[in-house]
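Reading through the structure tokens given below for one structure.
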Amino acid sequence: MSLVDQLQTLKNKAFSDIQQAVSTQALEEIRVEFLGKKGLLTEVLKGMATLDVAQRPLIGQAANEIKTEIQALYQERVTGLQRQERDARLREEAVDVSLPGHGTDLGLRHPLNQVLLEVTAIFQNLGFSVQEGPDVESDYYNFEALNIPKDHPARDMHDTFYLKNGDVLRTHTSPVQIRTMTQQTPPIRIIVPGKVYRCDTDVTHSPMFHQVEGLYVDKDVTFSQLKGTLSHFLKTFFGKDKKVRFRPSYFPFTEPSTEVDVECVKCEGHGCNVCKRSGWLEILGAGMVNRKVFDSVGYDPDQVTGFAFGLGIERLAMLKFGIPDIRFFYENDKRFLGQFGCVPKALTGEIK
Ligand code: FA5
């Protein structure tokens, strides 16, 4: 077969293949097969070496024309197939906007953290600043310096977790009073939020719970300032309607001492299993700093006075949200936690 015929056959074959190609990928393979560096056209043109010199330009020109025609057809088909492929992809990926969406769960603050933030904000607005202390505490800071020597009956009230080296998991946040007073001089006005530990568990007691300690030491601090501060806090936190009572009590590190109770969440004062039939839930202990505590931190008890208090955060949260069992806080059941979606007042700027 002459070279001209070979070129014609090649062109016909290329045209028919290009027209039948069903994808851009198949089309690309055809282009390489016919027009690529080692393709069929190059192969045919190798035969030019055997031709007369006069014939060569004619064949060369014919080959170029065929090449241009194949390229033009290729280009036309590529454009068409690309459009078809894009349309098919769009059809496949189409989104039915009328279908119901998958909701995203929003993270919420744990109710205990909401209460902790709110309590902290109320006291910060009264000029108290936040201090922290360690969870593992020495016997000295947790007991001795707070006027609870070894064999003092008050140690039994604390159901302490002891470590092998004699240290304890702090049973209250009061040791931070000592740590702060030994490092600073009056006036001191601090609150101490943190975890505390006691070997105790039932509907209102947990082996790990949270307290917020408060301490105000200066010249001439009085018991009526203590009452005024705590009453302001309780009214801001619970609103004016919740019944609250101050009851005389005893703590080795305060003298005189008081405990504050709030009307029970569950029975509203009638008596039930949550309040042990008393109608009240105890939420905090407080009192005037004992002179012996000032002695142990090196302050002169004739020069300064002060008040201190310790709040139970879980009890506050139970009262605020009407939760009858303290253990709900630690089970991390999303059905329980999901009910506390409110933004703490401390974050909305509502607490002034
Ligand atoms: C104290 O822990 C004292 N340190 C408080 C104090 C500080 C008094 C400063 C005077 C001056 P009490 O053991 O009563 O006191 O605990 C304080 C509060 O913690 C209680 O009113 C109660 O709200 C909470 N609380 C006590 N034990 C538990 C417990 N096991 N689970 C949950 N809350 C508890």
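With all protein chains kept in place, the per residue accessible area of the range 3-92 amounts to 68 square angstrom at a probe of 1.4 angstrom. Taking the Kirkwood radius as Rh and the Cα radius of gyration as Rg, the chain has a ratio of Rg/Rh equal to 1.57. All Cα-Cα separations within the range 3-92 were binned at 5 Å from zero, giving a P(r) of 3, 13, 23, 20, 14, 10, 7, 4, 3, 2, 1, 0, each value a whole percent of the pairs. Quick check: at a probe of 1.4 Å, how many percent of the accessible area of the range 274-317 sits on carbon and sulfur atoms? Roughly 46 percent, rounded to a whole number.
Between ILE283, ILE70, ILE178, the Gaussian network model of the chain with springs among Cα atoms under 10 angstrom shows the greatest mean-square fluctuation at ILE70.
Counting only protein heavy atoms and a probe of 1.4 Å, the accessible surface of the range 3-92 is 52% carbon and sulfur. Mean separation of Cα pairs under 8 Å and 6 or more residues apart, divided by the residue count, gives the range 198-352 a relative contact order of 28 percent.
Over all other residues within a Cβ to Cβ distance under 13 Å of ASP167, the charged ones net out to -2, with Lys and Arg as +1 and Asp and Glu as -1.
Summed over the residues of the range 111-347 and divided among them, the accessible surface reaches 46 Å² per residue at a probe radius of 1.4 Å. The Cα-based radius of gyration and maximum Cα-Cα distance (Dmax) for the range 202-289 are 14.2, 44 Å. Ranked by solvent-accessible area (1.4 Å probe, protein heavy atoms only, all chains present), the residues THR104, THR204 order from largest to smallest as THR104, THR204. Dipole magnitude for the chain: about 500 debye, using +1 per Lys or Arg Cβ and -1 per Asp or Glu Cβ, origin at the Cα centre.
With the simple spin-label model, which puts each label point 7 Å out from Cα in the Cβ direction, the ASP300 to GLN339 separation comes to 5.6 nm. Here is how the number arises for the chain: DSSP H runs of 4 or more residues each give -39500 (n - 2.57), the sum is divided by the residue count, and the result at 222 nm is -12500 deg cm²/dmol.
Highest mean packing comes first when the peptides 19-25, 129-135 are listed by Cβ atoms within 10 Å, giving 129-135, 19-25. Structure remark: mean-square fluctuation, Gaussian network model of the chain, C-alpha springs under 10 Å; the largest value among ASP218, ASP87, ASP159 belongs to ASP87. Test of understanding: extend the Cα→C-beta vector of SER249 to 7 Å, then name every residue of the range 137-168 with backbone N under 20 Å from that spot. Residues passing the 20 Å test: 142-149, 152-161. Per-residue extension of 0.36 nm, minus the Cα-Cα distance of ASP52 and ASP156, leaves a gain of 25.5 nm for this segment. Measuring only protein heavy atoms, the 1.4 Å probe finds GLU65 accessible over about 100 Å².
The values are calculated or read from the model by the stated rules, or taken from the named source; none is laboratory data. In this text, all values refer to a predicted model and were calculated from it rather than measured experimentally. Note: ideal-geometry Cβ built from the backbone for every residue, glycine included; neighbour counts use all protein chains shown. Surface areas here come from the heavy atoms of the whole protein model, side chains and all, with no ligands, DNA or RNA. Shrake-Rupley method; radii C 1.70, N 1.55, O 1.52, S 1.80 Å.
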